[in-house]
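Quick notes on the structure that follows.
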Amino acid sequence: MDAIIQMMANAPLLSIIIFLPLVGAILITLMNPAKSHRIKWFAFWVSIATFLISLFLLAGSGGFEKFSHIEQYTWLPQIGVSYHIGVDGISLWLVLLSTFLLPISILSSFSAIRKREKEYYILLLLMGFALTGTFVALDLVLFFLFWESVLIPMYLLIGIWGSGRRIYAATKFVLYTVVGSFFMLLAIIGLYVYSGSFGPGTFDFIYLRSHIAPPELQTWLFLAFFLAFAIKVPLFPFHTWLADAHTEAPTAGSVLLAAVLLKMGGYGFIRFCLTLFPDASVWAAPWIMGLAVISIIYGALVCAAQTDLKRLIALSSVAHMGFVMLGIFSFANTSIGQVGATIQMVSHGITTGALFLLVGVIYERRHTREIAQFGGLASVMPQYYNVFLITMLASVGLPALNGFVGEFLILLGAFRADWALGGLATFGVVLAAVYLLTMFRRVFHGECTKPENQKLLDLNVRELVYLVPLVLLMLWIGLYPKPYLSVIKPAVDRSVRAVMRIASGSVEYARSGEKAATALAQVLSEDTPGGDG
Amino acid sequence: MDYIYLAIALPLLGVLVNGFFGRRMPRKAVGTIASLVILGSFVVSLVAFLGYLAAEGGTHTVTLLPWLSLPPLEISYGFLVDGLSLVMALTVSFVSFLIHVYSMGYMADDDGYPRYFTYLNLFVAMMLTLVLADNLVLMFVGWEGVGLCSYLLIGFWYKKAAPPVAGIKAFIVNRIGDFAFLIGMFLIFWLYGTFSFTELRQSVETVALAGHFPLTLIALFLFGGAIGKSAQFPLYVWLPDAMEGPTPVSALIHAATMVTAGVYMVSRMSFLYSMTEVAMLVVACVGAFTAIFAASIALVQNDIKRVLAYSTISQLGYMFLAAGVGAYWIAIFHLFTHAFFKALLFLASGSVIHGMRGEMDMRKMGGLAKYMPHTYWHFLIGAMSISGIPLLAGFFSKDQILFAAFTARPDIWPNAGMVLWIVGVVTALFTAFYMFRQIYLVFLTKPRFDVAEIHPHEAPASMIAPNWVLAIGSVVAGFIGLPALFAGIIHIPNMFQPFVASAVAGGVHVAEAAHGAQELFKEVLTTSISVVVALLGLGLAFYLYQVRYGTTEKLKKAFAAPYRVLLNKYYVDEFYDNTFVQPGRVLCEQLSRVVDLGVIDGVVNSIAFVIGAVGQVLRPIQTGFIRNYAWYISAGAILLVILLWLGLAAK
C-alpha cells in the first residue's frame, strides 16, 4: 500500500484526474450508441476511477498551505501561457467534491435519461474534466479555458435533456455567463499587459500575485472579475439565470450546477480576486457584504413563495451562496469568515446536490415538481422521508450537520467585520427554517390523498447507493469538521494575511516600469523560503 | 467521573439501534431498549454525582475530542461536571426515564412506535448535551437539538393537519430566539475570545466590566434565546400548540427537557448576569409578567392540556423571576420540583385522555375520581404541589422565590422587589384557582358525558407506576432545599443550595440574609401570605365549581368582554398572524412575482430583447452578395477620406 501511495504521489496526479474523464469521453464516442447499458457503466467506472485516484491527493506532501502537486509545462511561450496546475487547501476539497459528485450524477441518470444516452454521458464526463480543471488552473488563460469549457456541456445538457422551457433556460444561462466571462477575459488581458510593462508579459498566477497592480488599476480589473464571478455565484441581482437553469436542467445537470458550478464563482473570488486585487477587495468588501446580505434575506423570502419544488431548492442557493460571499469578504483580523466560506462551499455542494437528487427521485416517479401535487409522502416512502429530512435539516443549518459549521464560522467572522451586516445575515437562519420546513410539511405531511401518490415506490438500492454517502458526509462534516478545516485553514490564512497586509499599506506596490517587482514576494518570502513550490 | 459523556452516548446508541432496526424488532424490545438507555444515563449521572460529593466539590471538565481548531477559536466536545450540571442531568434523566416507561403503555398501539422512541431518545441525548456542555457552542448544539426533537415529536402524528403546523411553529419561534442567542455568542467571542464557560467566568470576573454596556447587551441577547426556548413573553406562543404531540411528549417538553433550557442557561451564565443589573431586572420583569399573563389565560381554558401548558409558561416565569433577582439556586430548585409535579400533571392528564377515549375538553368530563382513583390522586398531588399547599415540593420552591423577590433591592429600581412580589403572589392565587378548577371539573363534579358510551377507565399499571414515583417526588422533593425558616425548625439543613450555589453566582446572599431577626419576620410574613393565597384560590375554585356549580355561567355573562379576551388568549396568536405571518406571505409572493420575475428578470429579458431587435434591424445589411459588400467598403473608404480631409483642414 505504501508503495502505491508513493507511486501515486510521484505521478502527475492532477493531470490524471483532469484528463481521465476526457479520455473516457473520447472512448465513449467510439462505442456503439445502441449499447447504452455498456456506455452507462463505462462512464460510471471512469468517474469512480477518477474519484479514487483523486483521493491520493490527500496522501500527498504534508499540508496544503502552499500549492502542491504542481505541474508546469510551457505551452505558448510567445505570450507567456503555460500549463500550470496545482492544488492547495482552498481548492483541495472542491476538487474532491467534483470528482465525488461526478459518479453520483452519472448513477442518478441511469433510469432518468432515455434518449441520446451516448452523448449524454460524454457530456457529463466532459463536465468533470472542465470542472476539475477550473479548480486547479494556475495560469489565467488555462483557467479561462476551463471556465468557459464548462459552459458547452452544460448548455447542451439543459438544452437537450432539460424539461419545459429548456431552450430559454439554456440560452439564458450561457448568455449571462458569457457576458461576465467577456469582462473577465478583458481583465485577464489587462493583467498580461500590465505584467508586460515591467517584465516579460505573463498569465501566470504565481507570478502575478507577487506583482500586485497599483490600486487604481486593481479597481477596474477587480470589477471585471467581479462581474464574472458574481454571476456565477450568483450574487443578487445577477441571480435570475439560476432558477431557470436549475429548474429545467436534468437532475444530474442541476446537481453539478448547484454543487460545483456555483462554487467556481466563490472559488474565483477567494483565489483570484482576493489575491490579485487585495486593495480593491478591501475597498469593495462593504458593498459586496451588503449584496451578500441582500442575497441571504431576499433569496430566502423569494424561496418562501415558490410552488415548484426544484425552483425552490434552486433559489435556496442564492441565500446559501450569499453566506459564502459574506464570509469571503469579511475582512477583519481573522480568517474565520473565509475559512467558513470555503467549508460552506463544500457543504452546500453536498447538501444541495443531495436535495436535487431527491427531487429527481420523486420527479422520475411522478413527472411533476409542483409541491401541491404531493402531500403525505412520509407514510408511502419512509426511507425517502428520512433521507430528505436529514438533508433538509442540513440545509437549514442545524448543528451537528454540515451546514452549521460553515454558517457559524461565516457569521462569526462577518460579525467581527461588520456587526450590523453580520447580525442581519444571522436572521437568515430563521428564514431558512421557514421555507424549508414549510416545503417539507407540504410534501411529506398530512394525509396522502392523491391516488397516484399512494403507490409510489420507496428508494431503491441504486438510489440509496448514491444518497447514503452524501448523508454520511453531512454527518461527518457536521460532527467532526476538524480534518476538513485543518486543511483549509493554513491556505486561507495565508491568502487573507497577504490581503490584509497589502491593503493596510505595509507593502509597496510594484509599479509599472520599476524593476523591483517584489512587492508581495516580500510577504511570501517570509513563510516560503525559496518561493512558492 | 470521566465517563459522564456516556450519559449522552447511551441515548444516542438507543437512537441508532431503534432508528435502524426498530421496525424489525418486537415493540416490547424497542420500548425496553429506549427506557433502559435513559436509565443508564441516570445511573451514569448518579455515579458522577456520588463521585462529585466524595471529592467535595470536584468541579471538573472532561474533554473528549476537539470539534474544530481555528486559533483563537477552539471548540471541543467538552463536558463540565459541577453542581449545576449534575442536578440538571439527574433531573432530566430521571424524569425522562419515567416518561419513557409511561410511554410504553401510552403509545402501545401506535403505528410509529419505533420512530417515537427514536425521537424520544434523541431528545434526551440533546438535552443532556445542552446541560453537560462545557462551552457555549456545544450547548448550542443541544439547544438546537432539542428544538429539532420538539419539532419532530410535536408533529409526530403527521397525518393530521394540526401537528405538523404546530411543530413548525415551535421550531421557527425557537429559531427567532436562537437568532438572538447566536448574536450573544458572537459578542461573547469577540469580547472575551472564548466560548468555554470556565474561561469565560474567569475573564468576566477578573476583567471588571460590571455594568459595562456590551456586557448588558450580551446578557440580553442570550436571554432572547431563553425567551424562545423557555417560552417567555413574547415568544411563548409555540408552547400551548406543542400539546398537538402525544401527551408524554408534552410531559417531556414541559417538565424535564426543552423549556428548562433557558432557565439553566441563565443560571449557567449567572456570573455574567450578576454583573449587569439592567439585564437582571429585565429577566425578572419578563419572568414576572409572563407568570401572571399566562396564569390569567389558564383561568378560563377548557382544554385539560392547554391549562397545563399555560401553567408551565407561568411557572417558568417564576423561575426567571428568581434568576432575575439573583436567586439562581432557587430558580434551579423550582425547576427541579416543577419537573416532578408538571410531569406528573401531564402524565396524569394523559391517563385521563387515555381513559376518556381522547377527550380533552374538561366541559365534557366530571366525576372521574370514581373511575380513575389512582389518576385522581396523582393529579391532586400535582395540583397541590404546584399551588403551593404547605409542605409539598412546590410550596418550598415557590415560597423561596417570592421571598427572594420580596427582599430584592436593585439599585436602579429599589421598589422592584415589592412589585415583583405582588405580581408573584397574585399569580400564586391564580395558580391555585385554575389547578383546583381543573380538579373539580375533571374529577369531582357530576359527569357531563355519557358514562355508558365512553366507559372511562383507569390507566394500565405501566402508566400508573411511573406516576406514583413522580407523585412521591412531588411531595418530598422540596425537603432537600428547605428555606432557612423551616431548616431551623426541623433541623434539616438546606442541601440543595450549597450544592448548586457553588456553580452559580450570587446565590448565597439571598438565604444568608434570612438569618437576621427582621429577615426571619419577613420570611414568616411572606410564607403566611403565600399559604393564605393558595388556600384562597383553592377555596374559590371549590365555591365556584363545587358548591355553587353553574355560577360561572353568570360570571361569564357579567364579565363577557374580559372573559372573551382571556379565552382567546389576549388574541396574541391572531396579532402575530395579522402582523407578521400574513404580511410576510404577501411580501414573499410580491418579491417573487413583481421584483424577481418582473423587475430583475424583466430588465434582463429586455436587454436580450433589445439586442435581438437591433440584430433584426441590422440583418438585411448582411445579404451575402459580394457586390453589396463592395459598395459598403467603397462608401466607408470615401467617408474616411472625407473625415481625414476635414480633420486636416481644421488644423
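Data table
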item: Which numbered condition residue A:192 misses (of (1) in contact with a Lys or Arg (Cβ under 8 Å, 6 or more places away or on another chain); (2) open to solvent by 10 Å² or more (accessible area, probe 1.4 Å); (3) not basic (Lys, Arg)); result: (1)
item: Options A:478, A:423, A:446: the member that is at positive phi, within 14 Å of chain B (Cβ to nearest Cβ) and either modelled with pLDDT under 90 or touching a helix residue (DSSP H, G or I) at 6+ places or on another chain (Cβ under 8 Å) (or both); result: A:446
item: One residue from B:167, B:225, B:177 being small (Gly, Ala, Ser), within 24 Å of residue B:76 (Cβ to Cβ), within 14 Å of chain A (Cβ to nearest Cβ) and in contact with a helix residue (DSSP H, G or I) (Cβ under 8 Å, 6 or more places away or on another chain); result: B:225
item: Residue satisfying all of: in the range B:354-368; open to solvent by 10 Å² or more (accessible area, probe 1.4 Å) and at negative phi; nearest to the chain's Cα centre (by Cα) among these; result: B:360
item: Among the candidates B:140, B:186, residue that is within 9 Å of chain A (Cβ to nearest Cβ) and either over 21 Å from residue B:256 (Cβ atoms) or out of contact with any Pro (no Cβ under 9 Å at 6 or more places or on another chain) (or both); result: B:186
item: Tally, over the range A:426-443, of residues that are more than 7 Å from every other protein chain (Cβ to nearest Cβ) and within 30 Å of residue A:493 (Cα to Cα); result: 2
item: Pair list, Cβ < 6 Å and 6+ apart or interchain, from the range B:116-134 residues that are closer than 17 Å to residue A:390 by Cα to residues that are not in a helix (DSSP H, G or I); result: B:116/B:107; B:123/B:257
item: Unique residue being in a loop (DSSP other than H, G, I, E, B), aromatic (Phe, Trp, Tyr) and over 23 Å from the mean Cα position of the chain (by Cα) when the list is B:413, B:421; result: B:413
item: Index of the failed condition, residue A:202 passing every other in (1) in a helix (DSSP H, G or I); (2) β-branched (Val, Ile, Thr); (3) surrounded by fewer than 24 Cβ atoms within 10 Å (Cβ to Cβ); result: (1)
item: Pair list, Cβ < 6 Å and 6+ apart or interchain, from the range B:242-260 residues that are under 18 Å from residue B:467 (Cβ atoms) and small (Gly, Ala, Ser) to residues that are modelled with pLDDT of 90 or more and open to solvent by 10 Å² or more (accessible area, probe 1.4 Å); result: none
item: Set A:90, A:85: member being in contact (Cβ under 8 Å) with a residue 40 or more places away in the chain, of a type in the set (A, V, I, L, M, F, W, C) and either open to solvent by 10 Å² or more (accessible area, probe 1.4 Å) or touching a strand residue (DSSP E or B) at 6+ places or on another chain (Cβ under 9 Å) (or both); result: A:85
item: Residue satisfying all of: in the range A:156-197; within 17 Å of residue A:257 (Cα to Cα) and aromatic (Phe, Trp, Tyr); modelled with the lowest pLDDT among these; result: A:176
item: Qualifying residue in the range B:341-358 (condition: within 30 Å of residue B:274 (Cβ to Cβ) and touching a residue at least 40 places away in the same chain (Cβ under 8 Å)); result: yes
item: Every residue from the range B:117-129 that is within 11 Å of chain A (Cβ to nearest Cβ) and among the hydrophobic types (A, V, I, L, M, F, W, C); result: B:122, B:125, B:126
item: In the range B:145-164, the residues that are more than 8 Å from every other protein chain (Cβ to nearest Cβ), open to solvent by less than 10 Å² (accessible area, probe 1.4 Å) and closer than 20 Å to residue B:128 by Cα; result: B:146, B:147, B:149, B:150, B:153, B:154
item: One residue from A:126, A:156 being surrounded by fewer than 21 Cβ atoms within 10 Å (Cβ to Cβ), in a helix (DSSP H, G or I) and not aromatic (Phe, Trp, Tyr); result: A:156
item: Qualifying residue in the range B:112-126 (condition: open to solvent by less than 10 Å² (accessible area, probe 1.4 Å), under 17 Å from residue A:432 (Cβ atoms) and within 14 Å of the chain's Cα centre (by Cα)); result: no
item: Candidates A:394, A:433, A:414 - the one that is under 25 Å from residue A:290 (Cβ atoms), out of contact with any Phe, Trp or Tyr (no Cβ under 8 Å at 6 or more places or on another chain) and not β-branched (Val, Ile, Thr); result: A:414
item: Among residues of the range B:26-41, those that are open to solvent by less than 50 Å² (accessible area, probe 1.4 Å) and either farther than 16 Å from residue B:126 by Cβ or free of Cβ contacts under 8 Å to residues at least 40 places away in the same chain (or both), counted; result: 5
item: Residue, nearest to the other protein chains (Cβ to nearest Cβ), within the range A:207-223, restricted to residues that are open to solvent by 30 Å² or more (accessible area, probe 1.4 Å) and among the aliphatic types (A, V, I, L, M); result: A:223
item: Sole exception among (1) open to solvent by less than 20 Å² (accessible area, probe 1.4 Å); (2) at the interface with chain B (Cβ under 10 Å from one of its Cβ atoms); (3) of a type outside the set (Val, Ile, Thr) for residue A:453, by number; result: (2)
item: Residue pairs meeting the criteria (Cβ under 7 Å; at least 6 apart or on separate chains; first closer than 16 Å to residue B:388 by Cβ, in the range B:534-556; second modelled with pLDDT of 85 or more and among the charged types (D, E, K, R)); result: B:541/B:437
item: Whichever residue in the range A:224-262 is over 20 Å from residue A:296 (Cα atoms) and assigned to a loop (DSSP other than H, G, I, E, B) and, among such residues, is farthest from the other protein chains (Cβ to nearest Cβ); result: A:250
item: Matching helices (runs of 4 or more DSSP H) fully within the range B:221-302 where at least 3 residues are in contact with a strand residue (DSSP E or B) (Cβ under 6 Å, 6 or more places away or on another chain); result: none
item: The range A:64-112, residues that are part of a helix (DSSP H, G or I) and within 27 Å of residue A:197 (Cα to Cα); result: A:77, A:78, A:79
item: Candidate set from the range B:492-533 (those that are modelled with pLDDT under 75 and out of contact with any helix residue (DSSP H, G or I) (no Cβ under 8 Å at 6 or more places or on another chain)); member that is nearest to residue B:422 (Cα to Cα); result: B:518
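The values are calculated or read from the model by the stated rules, or taken from the named source; none is laboratory data. Only a predicted model underlies this, so the values are computations on that prediction, with no experimental measurement involved. Glycine gets a Cβ as well: all are built from the backbone with ideal geometry, and neighbour counts include every protein chain shown. Heavy atoms of the whole protein, side chains included, go into the accessibility calculation; ligands, DNA and RNA do not. Shrake-Rupley method; radii C 1.70, N 1.55, O 1.52, S 1.80 Å.
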